[in-house]
Amino acid sequence: MIVKPPSATPLAPYAFVRALNDGGMPPGVLNLLTGSGKSLAEAFVEDSRVAKIAMTGSTNTGKQLMKMFGPRLIRISLELGGQCPAIICEDADLEKTAALITYKAFRNMGQSCSSVNRIYIHESVKDAFVAKLKTRAESLRIGDAYTDGTEDVGPMTTAEQRAVVEEHVRDAIARGGRVIYGGQRPQGEQFAKGNFYLPTILNNVTHDMKIMREETFGPVAPIMTFSSLKEAVGYANDTTYGLAAYVFTENLSNTVYVSEALEAGTVCVNNVSVNTVYAPYEGWKESGFGFELSPRAIEEYLHQKHIKIALDEEDACC
């Protein structure tokens with residue numbers, strides 16, 4: 001196995017691979033290569049020993065790998081981008097929902113494929129929910145973990161990704177969106193270095209905004225209302241992505257209807273725990289294909305063989 005860590009964040013995969021090798025993994029079984037993803041992919045394409053490719057990354061990168069490895073006819077698993085919706089029904093526990101949305105929208109500064117990217121809330125409870133979400137966002141401590149370790153959220157990984165977030169927020173504002181909280185870099189000398197950006201809540205968003213169409217991959221929670229569950233499901237499915245989706249309701253009928261109607265590989269009801277060891281994790285649409293986690297993931301790396309032995313003449317005949 002060869003691990004190719006992301007160029008922007010190679011140290012954690014390196015530490016993991018080193019730990020396994022230090023722990024007794026036979027030499028050569030698990031390897032790590034750093035460098036240009038394009039150049040390494042080209043080398044893998046030319047090496048007949050490569051029998052399987054698994055990649056976690058952007059949808060565009062996944063499409064490029066498909067083009068490169070398609071002629072080889074080897075197995076590929078792709079866990080790609082997301083634009084994950086959260087549907088909040090009128091009967092939802094708003095306090096609990098606000099806490100979970102705060103975590104899933106702003107955790108790791110929104111730099112997760114399964115982050116909550118779009119919030120659809122019943123019009124009758126929008127104002128109450130927005131107030132609760134704003135209070136929680138305001139209470140988040142932002143800073144550098146290496147200074148005092150008391151922060152809730154830190155900087156974004158790259159300046160380039162922060163620029164994407166800023167562009168999406170500007171586009172939303174230009175199209176009528178309203179900033180409830182955040183929408184800018186934090187002020188102060190302690191934020192002069194690092195790609196800091198405030199956790200952001202946007203109201204009055206529409207589907208013609210970039211924030212609702214493209215993967216922002218940043219700490220922004222855009223909010224849009226609905227009047228019926230059918231309308232909410234239509235909004236949620238109006239995307240090329242289908243990685244994960246979230247539903248908040250205390251009604252069993254709502255749970256069944258929305259969960260089955262959503263076009264996503266994982267649907268979480270009243271929770272945001274997308275990745276669990278026992279459950280298969282797969283993207284739909286342009287969020288990829290192939291399983292991670294659960295026994296289904298192991299099958300991605302196995303070949304099936306059918307051996308049929310004739311024990312008498314009757315068995316030998318078709």
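Nothing in this text is a laboratory measurement; each read-out follows from the coordinates by a stated rule. This one's a predicted model, so the numbers in the text were calculated from it and none came from an experiment. Positions of Cβ are generated from backbone atoms using ideal geometry, with glycine treated the same way; all protein chains shown enter the neighbour counts.
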I'd like the Karplus ³J(HN,Hα) series for the stretch 220-226: coefficients 6.51, -1.76, 1.60, θ = phi - 60°, whole numbers in Hz, and an x wherever there's a Gly or Pro. 10, 10, x, 10, 9, 9, 9
Which residue, GLY70, GLY149, GLY37, tops the fluctuation ranking in a GNM of the chain built on C-alpha contacts under 10 Å? GLY149
By how many degrees, between 0 and 90 and to the nearest 10, does the Cα long axis of helix 159-174 differ from the longest principal axis of the chain? 50 degrees
Write down the percent of antiparallel bridges among all DSSP beta bridges whose residues are both part of the chain, to the nearest 5. 25 percent
Order these by the 10 Å Cβ neighbour count, fewest first: TYR146, TYR241. TYR146, TYR241
At 222 nm, what value in deg cm²/dmol follows for the chain if DSSP H runs of at least 4 each add -39500 (n - 2.57) and the sum is divided by all its residues, to the nearest 500? -10000 deg cm²/dmol
Treat the count of other C-beta atoms within 10 Å as a stand-in for reagent exposure and order HIS306, HIS207, HIS122 from fewest to most. HIS306, HIS207, HIS122
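Any of LYS67/LYS104; LYS4/LYS67; LYS104/LYS134; LYS52/LYS285; LYS104/LYS210; LYS134/LYS285 with alpha carbons more than 24 Å apart? Name them for me. Numbers along the way, then the final one.
Values: LYS67/LYS104 33 Å; LYS4/LYS67 19 Å; LYS104/LYS134 14 Å; LYS52/LYS285 21 Å; LYS104/LYS210 20 Å; LYS134/LYS285 32 Å.
In this structure, LYS67/LYS104; LYS134/LYS285 exceed 24 Å between Cα atoms.
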Summing +1 for each Lys or Arg and -1 for each Asp or Glu, what net charge is found among the other residues whose Cβ lies under 12 Å from the Cβ of PHE248? -3
Taking other Cβ within 10 Å of each residue's Cβ, how do LYS230, LYS305 sort, fewest first? LYS305, LYS230
Segment ASN31-ARG175, length gained on full extension (0.36 nm per residue, minus Cα span): 47.0 nm
Largest to smallest principal axis extent of the C-alpha atoms in the stretch 1-86, angstrom: 39, 38, 21
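For VAL269 and LYS308, what is the calculated FRET efficiency with R₀ set at 45 Å and r taken between the beta-carbons, to the nearest 0.05? Walk me through the intermediate numbers first.
On the way: r = 45 Å, r/R0 = 0.99.
Computed FRET efficiency for VAL269 and LYS308 comes out at 0.50.
Please state, to two decimals, what the Cα-based radius of gyration of the stretch 84-269 comes to when divided by 2.2 N^0.38 Å (N = residues). Show your work: numbers first, answer last.
Values: Rg = 15.9 Å, N = 186, 2.2 N^0.38 = 16.0 Å.
Compactness ratio reported: 0.99.
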Given bins 10 angstrom wide, list per bin the percent of all Cα-Cα distances in the chain, short to long. 5, 23, 30, 23, 13, 4, 2, 1, 0
For ASP93 and THR56 in the same chain, what is the full-extension length gain: residue separation times 0.36 nm, less their Cα-Cα distance, in nm? 10.0 nm
